[in-house]
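First comes the structure, then the notes that go with it.
The values are calculated or read from the model by the stated rules, or taken from the named source; none is laboratory data. Just so you know, these numbers come straight off a predicted model, no measurement behind them. For neighbour counting, all protein chains shown are included, and Cβ atoms are generated from backbone atoms with ideal geometry for every residue, glycine included. SASA here: full protein model, heavy atoms, side chains in, ligands and nucleic acids out. Shrake-Rupley method; radii C 1.70, N 1.55, O 1.52, S 1.80 Å.
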Amino acid sequence: MRSTGDGVAAGDPSWPERASATPPVPSSTAPGEETLGYRGPTACAAAGITYRQLDYWARTGLVEPGVRPAHGSGTPRLYSFRDVVVLKIVKRLLDTGVSLQNIRTAVQHLRSHGRTDLARLTLMSDGATVYECASPDEVVDLLQGGQGVFGIAVGVVWRDVQGALSQLHAERVDTGETVTAYHPDDELARRRRDRAG
């Protein structure tokens, strides 16, 4: 855990990297998900933010689109699945009163984690500082110390974004084609049609 176990919080530049053992890692979003990008309105809908927030965060470098940044007024930004997860986490941290400075540090830390590690993180906060907990025991220690007020299990956010994006449109990075994001029900319907035909 950052802050109680080793005396380091997310706001501290020496915040070390470590993955949590809980919650369980969600399954990957979809076959070929890494070839999909999400336009601003889709990212906003999945993350629960306004377009004004998205634009401001991109312009100030808080959460920049990982697939394609805007190049002038005619080029739409494209966000990766991971970017949308980070957007939703930023929204939750802001809603609880965490300072933008601490959120920036937490976002930089989140970006340093690999895909699997990111889904395993648990973030706790007292409203001012963001802590990373690496085990359930560390969550309990933080709460008993009176420092943690709320927690964000990144794996849960991951699944929320997964569900939201399965209902929205994506764009193929290689072709620019607009597609409906992978949805398991669509795959099942396709297989039934193939068997019937």
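Can you confirm whether LEU94 is without any contact (Cβ under 8 Å) to a residue 12 or more places away in the chain, over 28 Å from THR175 (Cα atoms) and within 15 Å of the chain's Cα centre (by Cα)?
So LEU94 fits the description; yes.
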Somewhere in the stretch 25-32, is a residue within 13 Å of the chain's Cα centre (by Cα) and at pLDDT 90 or above? no
Across (1) in contact (Cβ under 8 Å) with a residue 60 or more places away in the chain; (2) farther than 16 Å from ASP160 by Cα, ALA119 clears everything bar (2)
Of ARG82, ARG111, the only residue that is surrounded by fewer than 20 Cβ atoms within 10 Å (Cβ to Cβ) and either assigned to a helix (DSSP H, G or I) or modelled with pLDDT of 95 or more (or both) is ARG111
Being in contact with a Phe, Trp or Tyr (Cβ under 8 Å, 6 or more places away or on another chain) and under 17 Å from ALA153 (Cα atoms) narrows VAL140, VAL63, VAL90 down to just VAL90
task: Could you please let me know if GLY7 is under 17 Å from ASN102 (Cα atoms), at pLDDT below 50, surrounded by fewer than 20 Cβ atoms within 10 Å (Cβ to Cβ) and more than 15 Å from the chain's Cα centre (by Cα)?
output: yes
query: Any chance the stretch 124-135 includes a residue that's within 29 Å of THR35 (Cβ to Cβ), surrounded by fewer than 17 Cβ atoms within 10 Å (Cβ to Cβ) and free of Cβ contacts under 8 Å to residues at least 40 places away in the same chain?
result: no
Restricting attention to the stretch 138-162, the residues that are modelled with pLDDT under 85 and either more than 20 Å from LEU94 (Cβ to Cβ) or in contact with a helix residue (DSSP H, G or I) (Cβ under 7 Å, 6 or more places away or on another chain) (or both) number exactly 11
Selection from the stretch 85-108 of residues open to solvent by 40 Å² or more (accessible area, probe 1.4 Å) and part of a helix (DSSP H, G or I) yields LYS91, ARG92, LEU94, ASP95, LEU100, GLN101, ARG104, GLN108
Those residues of the stretch 33-56 which are farther than 11 Å from LYS91 by Cα and out of contact with any Asp or Glu (no Cβ under 8 Å at 6 or more places or on another chain) amount to GLU33, GLU34, PRO41, THR42, ALA45, ALA46, TYR51, ARG52, ASP55, TYR56
